[in-house]
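Here the structure comes first, spelled out in structure tokens, and everything after it is commentary.
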Amino acid sequence: MSHPVRSNSRHARWVRISHGVITVSFLSLAVTGFYILMVHPRLYWGEVGNDLTPAFIELPISRNYKHNGWDEKFAYFDTSGSPVSASRTYDIFNENGWGRSLHFLSAWVLVITGSIYIGSGLITRHFGKRMLPSADSFSFRNLWREFIDHLRSPRSMGNGTQYNLLQRITYLGVIFVCMPVVVMTGLAMSPAVAAGFPIIVSMWGGTQSARTIHFFASIAVELFLVVHLVMIIITGFIQNMKAIVIGK
Amino acid sequence: MKKSAIITRRQALVTGLAGMGTLLFQQCSRPTPPNYGNILRMGDNFTYIAQRTLLPGQSLAKEYRFADISSMPATGTTNPAKYSEAYDQLQRNSFADWQLRIEGSVDRPGSLSLDDLKKFISRTQITKHHCEEGWTAIAEWTGVPLSSVLQHAGIKASGRFVNFHSYDGWIDSIDLYDAFHPQTILAYGMNGKSLTVPHGAPVRLRIEKQIGFKSMKYIHKIEVTDEFVDHGDIGWAWYNGI
């Protein structure tokens, strides 16, 4: 299991620039996304979910958590089990004025830079050469062994831009699975996009399902970020930072 | 200070880019809402132009079956009587004296009562409300298409924005693109009954391709304008299709 070694292998300028821009926009999205979630810290499945319907998960992350500040409920219909209405009497935490706008501004930066990155990567065969594992090197057994090796001696796993199997699979997963899922579920929450392309909502099973998947896919990228940072520090912080910032 | 007549490279670039923008976004050659020099509002305007340019025409928001109607909370203002004595009086009389004022760039400015509105051909739609907070709800709305009311008042060819004034003091506007969307209605009914006070009685706007708070409650005046009227930076995006 050996990948071709090129001794002068460096991060190309377009890789370094897009990596930097995407990092900043992702951090901004993570922070504003958390603020937006604080406003309504309940997750649901399906098309509909609100304070008067049962939640799939409730997160204790703001004063809006289970606030119970509601007037008496009244039923819309005379039938039993009728949907209900209630008026809010509670002053909720809400910073979505700037939170939403900054989230969408950062999303534009991420989507545009990400598209340029993926386009350049395909044209230059960056993904094929550096990330796609060769057919003979890929097996779940190898992947598992590298995972165990990373846990046992993480320090020995760094080899600059020559990625090992676990790195290759992880990077491909983040770039081609997690990030597209985050973007598509985010778009599914836009009422204008949903009207123009209804499939973008139905493919996830509804607006609230898309919102829930948006949350978990973002958490997956954040967990990747934590492991990525730990590995960068363990395998030589200064050298790794030089490689991704100035390309040396 | 005397202004230099020399055209700098920067000026030429800025003018060129602005001109290209106008060419690219023909439908947006009219002034976009102010950005207040604020990068967040600039991003909002970018979203506005991008959605208007990239999304297909007047596509309809999904409509649901009656059985899909869900619980729906009332948020924001839930009774403007606290702010408005006029509203309190109207409410005591079941809105029999309520009048919708229509003015601005229209040939026949005037007022319509609730009964007048109900004489128009109505539209009923079961749609999903997307609140900016993150929740959604499905409800049935009955009302008169805003386009019918605007045409009844004789909207002038120069009209570009429709401004709404509400009893809780809120003022907001939408462009003609949304105003003439078939699902943009002045709703007086919800789930088969008269609209209740918490949900915006007697008449609220339903605008299905933007976030919930654009569907203003407690409307008493509609004003058509040729230009975007700046009601001030309230710290929120003006366009909320996202």
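Could you please find all residues in region B:189-218 being outside any loop (DSSP other than H, G, I, E, B) and either farther than 19 Å from B:ILE102 by Cβ or without any contact (Cβ under 8 Å) to a residue 60 or more places away in the chain (or both)? Reasoning before the result, please.
Taking region B:189-218 and keeping what is outside any loop (DSSP other than H, G, I, E, B), we get B:189-190, B:193-194, B:197-199, B:204-206, B:212-214.
Hits for region B:189-218 are B:GLY189, B:MET190, B:LYS193, B:SER194, B:VAL197, B:PRO198, B:HIS199, B:ARG204, B:LEU205, B:GLY212, B:PHE213, B:LYS214.
I'd like to check something: does region A:93-113 contain any residue that is more than 14 Å from chain B (Cβ to nearest Cβ) and touching a residue at least 40 places away in the same chain (Cβ under 8 Å)? There is at least one residue in region A:93-113 that is more than 14 Å from chain B (Cβ to nearest Cβ) and touching a residue at least 40 places away in the same chain (Cβ under 8 Å). Those helices (runs of 4 or more DSSP H) of region B:4-114 in which 1 or more residues are at pLDDT 95 or above occupy B:39-54, B:85-92.
If you go through region B:219-242 and keep only what is within 14 Å of another protein chain (Cβ to nearest Cβ) and either open to solvent by less than 10 Å² (accessible area, probe 1.4 Å) or not in a loop (DSSP other than H, G, I, E, B) (or both), you end up with B:ASN240, B:GLY241.
Of the residues B:GLY134, B:GLY169, the single one that is modelled with pLDDT under 95, part of a loop (DSSP other than H, G, I, E, B) and either within 14 Å of chain A (Cβ to nearest Cβ) or at positive phi (or both) is B:GLY169. Determine if region A:168-178 includes at least one residue that is open to solvent by 40 Å² or more (accessible area, probe 1.4 Å), more than 30 Å from B:LYS214 (Cβ to Cβ) and among the basic types (Lys, Arg). Among the residues of region A:168-178, not one is open to solvent by 40 Å² or more (accessible area, probe 1.4 Å), more than 30 Å from B:LYS214 (Cβ to Cβ) and among the basic types (Lys, Arg), which makes the answer no.
Of everything in region B:172-188, what is part of a strand (DSSP E or B) and either acidic (Asp, Glu) or open to solvent by 10 Å² or more (accessible area, probe 1.4 Å) (or both)? Give them in sequence order. If you could, list the steps in order and put the result at the bottom.
Keep residues of region B:172-188 that are part of a strand (DSSP E or B), which gives B:172-175, B:185-188.
If the condition is that a residue be part of a strand (DSSP E or B) and either acidic (Asp, Glu) or open to solvent by 10 Å² or more (accessible area, probe 1.4 Å) (or both), then B:ASP172, B:ASP175, B:TYR188 are the ones that fit.
Only one entry of B:VAL203, B:VAL197, B:VAL229 meets the criterion of being touching a strand residue (DSSP E or B) at 6+ places or on another chain (Cβ under 9 Å) and farther than 19 Å from B:SER84 by Cβ, and that entry is B:VAL229.
Of all residues in region A:193-222, count the ones that are part of a helix (DSSP H, G or I) and touching a residue at least 12 places away in the same chain (Cβ under 8 Å).
Restricting attention to region A:193-222, the residues satisfying the condition of being part of a helix (DSSP H, G or I) are A:193-196, A:199-202, A:207-222.
Filter once more, keeping what is touching a residue at least 12 places away in the same chain (Cβ under 8 Å): A:194, A:200-201, A:207-215, A:217-218, A:220-222.
The qualifying residues number 17.
Scanning region A:99-134 for residues that are open to solvent by 50 Å² or more (accessible area, probe 1.4 Å) and touching a Ser or Thr at 6+ places or on another chain (Cβ under 8 Å) yields a total of 4.
The values are calculated or read from the model by the stated rules, or taken from the named source; none is laboratory data. Since this is a predicted model, take the numbers as computed values, not measurements. So basically every Cβ, Gly included, is an ideal-geometry build from the backbone, and we count neighbours across all protein chains shown. SASA here: full protein model, heavy atoms, side chains in, ligands and nucleic acids out. Shrake-Rupley method; radii C 1.70, N 1.55, O 1.52, S 1.80 Å.
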